[in-house]
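S.K.: Would you mind keeping the following structure in view while I ask a few things?
Throughout, read-outs are computed from the coordinates displayed, never taken from laboratory work. Nothing here was measured: the structure is a model prediction, and the numbers come from that model. Note: ideal-geometry Cβ built from the backbone for every residue, glycine included; neighbour counts use all protein chains shown.
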Amino acid sequence: MKKQTRNVFSRRDVMRATALGAIAAPFIVPARAFGANERIRVGQIGYGRIAMGHDMPGVIKSELADFVAICELDSKRLADGVKHIEKSYTDRSYTPPEVRTFDNYRELIGRKDIDAVVISTPDHWHAEVALAAVNAGKDVYLQKPFTMTHAEGVILRDAVKRTGRILQIGSQQRSWEQFRRAAELIRSGRIGNVQRVEIGLPTDPTAEDAAPMPVPANLDFGQWLGPTPFKYYTEMRVHPQNDYSRPGWLRHEAHCLGMITGWGSHHYDTMHWALGFDNAGPSRVEGKGQFPDPERIWNVHGSYDVTLQYPKNIVVNVSDKYPTGLKFIGDEGWLWVTRENTGGQTASDPKSKGDLPPLAASDEKLLDPNGLAVKLPVSKSHHKNWLEGVVARKPGLTPAAVGHNSNTACIVSWIAMKLGRPLEWDHKAQKFRNDPEANAMLSRHERSPYGALHLAKA
């Protein structure tokens with residue numbers, strides 16, 4: 001016998017209904033609906049491999065929220081998303097609630113009975129959707145990278161501060177034990193003064209262009225392109241129609257800058273956290289990268305090497321030649337940290353290089369957890385950390401300003417790779433010194449009427 005439908009009323013809904021005498025059996029209203037731990041009504045925006053395999057399971061397992069709506073521009077994926085939500089209830093012996101569906105995110109965030117949204121769209125949609133959401137009073141869990149461009153990031157960061165919304169960027173390594181432990185060890189001086197950091201990231205392969213294809217009837221391709229230039233449809237440019245494997249948009253610069261922001265968002269963020277640089281950035285950056293013909297569909301960078309100069313004379317070198325992870329080198333030893341396995345977030349991610357364990361050091365004694373001067377917040381789940389912040393009205397581990405700062409370092413690295421010459425970055429002014437060409441690359445043209453810059457001016 002199935003349990004009754006899980007209550008998904010917000011506290012204000014429950015209070016209003018109680019006052020009107022509208023709450024009656026068989027609804028059972030949990031006591032926590034009247035306290036600080038009320039359940040949060042969440043809308044999912046975008047249903048692809050990351051939403052399916054990471055974001056939605058993370059929210060569901062938190063037991064602090066209910067998915068009550070979903071928006072997706074591919075109607076086949078929209079239907080799959082509804083099934084995902086419904087199954088999450090039946091698996092726990094609950095009768096699923098009615099799930100509202102949308103093919104325009106503006107309609108979802110316009111609903112006053114939705115408290116928060118999870119944004120799992122392609123990168124080129126992050127800024128506009130998140131900006132519209134916080135302006136509409138919604139709290140936001142936003143997949144990394146924070147935004148596609150630096151200009152979008154400034155707008156979104158400032159909007160979150162102005163509105164007081166709780167935005168968490170999906171840099172979930174801060175909720176993984178080995179990354180927290182590495183940061184605590186380094187901040188506690190276990191390897192002495194850090195002199196150098198080596199960050200290894202994989203690359204994505206390119207391929208010959210696929211021919212134009214008819215736009216599937218189930219896909220709103222014009223809206224999917226959003227602020228990016230109009231191009232012919234081919235499945236290679238968007239996402240697979242028959243499965244949820246790695247999508248082509250991850251390898252096209254109109255929609256993603258490549259691994260330098262893809263996995264770079266994670267590892268730069270860990271580097272900033274471990275070094276106490278959440279409010280600091282590089283002063284100089286020099287890089288090189290191999291780029292396919294820009295007219296190709298899969299045209300994100302291949303092999304690359306970037307060097308950044310940080311405060312305290314710390315040099316950060318980022319390259320695909322290193323094993324995937326981070327190596328912090330101090331004057332009293334080195335420390336290595338990476339993910340638990342050789343894969344990525346999903347089975348279709350590129351495979352990591354190297355065979356070191358998740359946490360290692362030049363001397364095992366350096367890993368002793370006892371006697372650390374610095375202890376950082378413990379989180380077992382990044383999505384739950386966000387939802388706890390929503391309830392408490394306090395930022396989680398990776399708020400907007402932190403996400404923007406890490407993403408900025410990734411973006412200036414990409415610009416240095418593109419230009420192939422040394423650049424001076426003014427962190428306080430958030431622009432390059434005396435370099436109009438580089439500064440012009442901090443933003444990009446938006447196809448009207450889409451884009452965060454357009455929205456900010458409206």
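S.K.: Can you tell me the dipole magnitude for the chain around its Cα centre, using point charges on the Cβ only (Lys, Arg +1; Asp, Glu -1), in Debye to the nearest 20? Walk me through the intermediate numbers first.
M.R.: Working: 59 positive and 51 negative charges, 286 e Å.
Computed about the Cα centre, the dipole is about 1380 debye.
S.K.: TYR244's amide H: which non-local residues (gap 5+, or another chain) put their own amide H closer than 5 Å, with H modeled 1.01 Å from N in plane and none for Pro or chain starts?
M.R.: none
S.K.: Given the convex hull of the Cα atoms of the chain, what is a quarter of its surface area in nm²?
M.R.: Averaged projected area of the chain's Cα convex hull equals 23.4 nm².
S.K.: In addition: Provide the descending list of Cα extents for region 245-384 along its principal axes, expressed in whole angstroms.
M.R.: 55, 35, 30
S.K.: List the DSSP H helices in the chain whose Cα atoms stretch 27 Å or more along the helix axis and whose mean Kyte-Doolittle hydropathy is at least 1.6.
M.R.: Helix filter hits for the chain: none.
S.K.: Placing +1 on the Cβ of each Lys and Arg and -1 on the Cβ of each Asp and Glu in the chain, which of VAL118, LEU387, GLY330 has its Cα farthest towards the positive end of the resulting dipole?
M.R.: So the residue furthest toward the plus end is LEU387.
S.K.: Could I have the simple spin-label model distance between ALA373 and LYS83, label points 7 Å from Cα toward Cβ, reported in nm to one decimal?
M.R.: Each label point is offset 7 Å from its Cα along the Cβ direction, giving 5.6 nm.
S.K.: State, to one decimal in nm, how far the label point of LYS112 lies from the label point of GLU364, with both points 7 Å from Cα in the Cβ direction.
M.R.: It is 6.3 nm.
S.K.: Then there's this: How would you rank GLU332, GLU295, going from fewest to most other Cβ atoms within 10 Å of each one's own Cβ?
M.R.: GLU295, GLU332
S.K.: In nm, to one decimal, how far is the LYS428 label point from the GLN290 one, both placed 7 Å along Cα→Cβ?
M.R.: Result: 4.1 nm between the two label points.
S.K.: Let's test the formula: R0 of 45 Å, r as the Cβ-Cβ distance of ASP103 and SER188. What FRET efficiency results, to the nearest 0.05?
M.R.: 0.35
S.K.: Past the 23 Å Cα-Cα mark, which pairs from LYS327/LYS394; LYS76/LYS112; LYS418/LYS457; LYS161/LYS312; LYS288/LYS321; LYS327/LYS365?
M.R.: Long pairs (Cα-Cα over 23 Å): LYS327/LYS394; LYS76/LYS112; LYS418/LYS457; LYS161/LYS312.
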